[in-house]
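Enquirer: The structure under discussion is supplied below as structure tokens; questions concerning it will follow.
The values are calculated or read from the model by the stated rules, or taken from the named source; none is laboratory data. Note that the coordinates shown come from a computational prediction; the quantities given were computed from them, not determined experimentally. With ideal geometry, Cβ positions are generated from the backbone for all residues, glycine too; neighbour counts draw on all protein chains shown. The area values use the complete protein model at the heavy-atom level, side chains included, leaving out ligands, DNA and RNA. Shrake-Rupley method; radii C 1.70, N 1.55, O 1.52, S 1.80 Å.
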Amino acid sequence: MQGSITGRTVVQPTTLGDALKLLRDERALTPMAGCTDLYVSLNFGTLSPTRFLNLWGLDALRTIERRDGRLWIGALATHTDLIRSALVRRHAPMLAAAAREIGGVQIQNRGTIGGNVANASPAGDTLPVLAALDAVVVLRSAQRRRSVPFTEFYTGYRKTVRAHDELIEGFEVPAVRGRQWFRKVGTRAAQAISKVVMAGVVGPDPRVAIGSVAPTVLRLRRTEAAIARGASLVDVQQALALEVAPIDDVRSTAEYRRRVAANLLARMLRSPSA
Ligand SMILES: Cc1cc2nc3c(=O)[nH]c(=O)nc-3n(C[C@H](O)[C@H](O)[C@H](O)COP(=O)(O)OP(=O)(O)OC[C@H]3O[C@@H](n4cnc5c(N)ncnc54)[C@H](O)[C@@H]3O)c2cc1C
């Protein structure tokens, strides 16, 4: 049954400091950014929280800049911000590529990278990109700031290490050597949730990350090791097959996902450019 906004409250902090104090003092507050995921839950009648903390006005969380040789992306940067950012296109072109394939223009204008990551769907398109970039999630509470490697952020299906009083402040992306590559396979090119989504770096330090084939996004360490030692394509694909655990669901079958994952890997390794 469709949910209703009646009886729900939105708190509007004007500074990050105020937002963090509100989160510390009130356990029941749920952060909201672009609302593109939250609104879907409301529409499906599965949104249980009643009090929300509106982050949208906190411009301090929207910065994209270089900091100490790393790319810094604030959690409130929208997918459109990522597409338009010259820094993202230069240092993390596969993140701009992923943002371009998220939803349609309206979703790209409202949906944020922080919301995509915090929502913790195994099909989230920026997740394999951030995993392959060795990004770091920066979490902030009223008391402290802590950094969590992206590959340690998820602890299970839709579970993260984020505590209730923490916000994702942003992401640090270290410099990457090699060619970046991103592909998403869905029912159609736009407005489709991924059946398989893969991101990788081809170069001296090969990296492969994949979404929609396990309860959380995966970094494929054994596949990466096989690529690094120059194994044949068949052996690399076998390594991948042992690392993924796809399931049959409403969007696809496990068998289809296995085949597509192997094909995407071959395409990534053969592709001359990102
Ligand atoms: C029509 C449609 C198409 C879509 N297509 C795609 C697609 O192709 N690919 C894809 O990956 N996704 C897709 N999505 C999902 C969604 O748009 C993205 O996940 C988006 O990035 C979510 O960001 P948001 O700011 O709207 O999050 P919100 O809905 O505001 O929040 C989502 C979750 O994150 C939490 N949250 C938000 N910001 C923070 C923060 N800074 N710190 C802590 N917690 C936070 C919220 O509490 C909530 O639990 C689609 C959604 C719709 C409705």
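Enquirer: Can you pull the semi-axes for the chain, root of five times each eigenvalue of the Cα gyration tensor, sorted largest first, whole Å? Spell out each step's value before the answer.
Expert: Details: eigenvalues 205, 91, 53 Å².
The three semi-axes for the chain are 32, 21, 16 Å.
Enquirer: Convex hull volume of the Cα atoms in the stretch 1-95, per residue, in Å³?
Expert: Details: hull volume 11.1 nm³, N = 95.
Enclosed volume per residue, from the Cα hull, is 117 Å³.
Enquirer: Same structure, new question: How high is the relative contact order of the stretch 1-52, given as a whole-number percent (alpha carbon pairs under 8 Å, six or more residues apart)? If you can, show how the numbers build up before the last one.
Expert: Numbers: 47 pairs, mean separation 31.8, N = 52.
The normalised contact order for the stretch 1-52 reaches 61 percent.
Enquirer: Quick check: with the 1.4 Å probe, what order do 112, 9 take by accessible area, largest first? Write down the numbers at each step before the final one.
Expert: Numbers: 112 5, 9 60 Å².
Descending accessible area places them as 9, 112.
Enquirer: Same structure, new question: Which angle from 0 to 90°, rounded to the nearest 10, does the C-alpha axis of helix 16-25 make with the longest principal axis of the chain?
Expert: Here the helix axis deviates by roughly 80 degrees.
Enquirer: Take the solvent-accessible surface of the protein heavy atoms, probe 1.4 Å, and return the percent of it on the stretch 64-194 that carbon and sulfur atoms account for. Present the calculation step by step, with values, prior to reporting the outcome.
Expert: Working: 2500 of 5440 Å².
Using a 1.4 Å probe with all protein chains present, the stretch 64-194 comes out at 46 percent carbon and sulfur.
Enquirer: Can I ask one more? Per-residue accessible area for residue 165 at 1.4 Å probe radius, Å² rounded to 10?
Expert: Ignoring ligands and nucleic acids, residue 165 comes out at about 40 Å².
Enquirer: Rank these by accessible area, largest first, 1.4 Å probe: 195, 159.
Expert: On the way: 195 35, 159 120 Å².
I get 159, 195, largest accessible area first.
Enquirer: What order do 183, 257 take when sorted by accessible area (1.4 Å probe), most exposed first?
Expert: Values: 183 80, 257 5 Å².
These residues rank, largest area first, as 183, 257.
Enquirer: Once every DSSP H run of n ≥ 4 in the chain is given -39500 (n - 2.57) and the sum is divided by its residues, what mean residue ellipticity at 222 nm do you get, rounded to the nearest 500 deg cm²/dmol?
Expert: On the way: 11 runs with 95 residues, N = 274.
Mean residue ellipticity, 222 nm, calculated: -9500 deg cm²/dmol.
Enquirer: Sort out for me the Cα centre separation of the stretch 151-191 from the stretch 15-67, rounded to whole Å.
Expert: 18
Enquirer: In percent, how large is the relative contact order of the chain, given Cα pairs closer than 8 Å and 6 or more residues apart? If you can, show how the numbers build up before the last one.
Expert: Working: 572 pairs, mean separation 41.8, N = 274.
Relative contact order of the chain: 15 percent.
Enquirer: From the phi angles alone, apply the Karplus equation (6.51, -1.76, 1.60; θ = phi - 60°) to the stretch 94-105 and give each ³J(HN,Hα) in whole Hz, x where the residue is Gly or Pro.
Expert: Once θ is set to phi - 60°, the couplings for the stretch 94-105 become 6, 6, 5, 5, 5, 4, 5, 9, 8, x, x, 4 Hz.
Enquirer: Once you have all Cα-Cα distances for the stretch 117-158, histogram them in 5 Å bins from zero and send the whole-percent values.
Expert: With a bin width of 5 Å, the distribution comes to 5, 22, 30, 25, 12, 5, 1.
Enquirer: Another one. Give the Cα extents of the stretch 229-274 along the principal axes, in whole Å, largest first.
Expert: 35, 23, 11
Enquirer: Cβ under 11 Å from residue 253's Cβ, residue 253 left aside: what net charge do those residues give with Lys, Arg +1 and Asp, Glu -1?
Expert: Working: positive: 195, 251, 257, 258, 259; negative: 248, 249, 255.
Combined, the nearby Lys, Arg, Asp and Glu give +2.
Enquirer: Which trypsin sites (Lys or Arg not before Pro) from the stretch 1-43 combine a DSSP loop assignment with at most 15 other Cβ atoms within 10 Å?
Expert: On the way: sites: 8, 21, 24, 27; in loops: 8, 27.
Of the trypsin sites (Lys or Arg not before Pro), the ones in loops of the stretch 1-43 whose Cβ has at most 15 other Cβ atoms within 10 Å are 8, 27.
Enquirer: So what is the relative contact order for the stretch 142-274, in percent, with contacts set as C-alpha pairs under 8 Å and at least six apart?
Expert: Working: 175 pairs, mean separation 25.3, N = 133.
Relative contact order here is 19 percent.
Enquirer: Over the alpha-carbon set of the stretch 160-225, work out the extent along each principal axis and list the three values in angstrom, largest first.
Expert: Per principal axis, max minus min of the Cα coordinates gives 39, 33, 22 Å.
Enquirer: How far apart, in nanometres, would the label points at residue 4 and residue 187 be if each is projected 7 angstrom from Cα along the Cα-to-Cβ direction?
Expert: So the label points at residue 4 and residue 187 sit 3.1 nm apart.
Enquirer: Can you list residues whose amide H is under 5 Å from residue 169's amide H, if they're 5+ apart or on another chain and H is modeled 1.01 Å from N?
Expert: Under 5 Å from the amide H of residue 169: 138, 139, 140.
Enquirer: Over the chain, average the accessible area per residue using a 1.4 Å probe and give it in Å², no decimals. Numbers along the way, then the final one.
Expert: Numbers: 13040 Å² over 274 residues.
Accessible area per residue: 48 Å².
Enquirer: Continuing with this model, one more query. Might you report the magnitude of the Cβ-based charge dipole of the stretch 1-66 about its Cα centre, with Lys and Arg at +1 and Asp and Glu at -1, to the nearest 20 debye?
Expert: With Lys and Arg at +1 and Asp and Glu at -1, about 100 debye.
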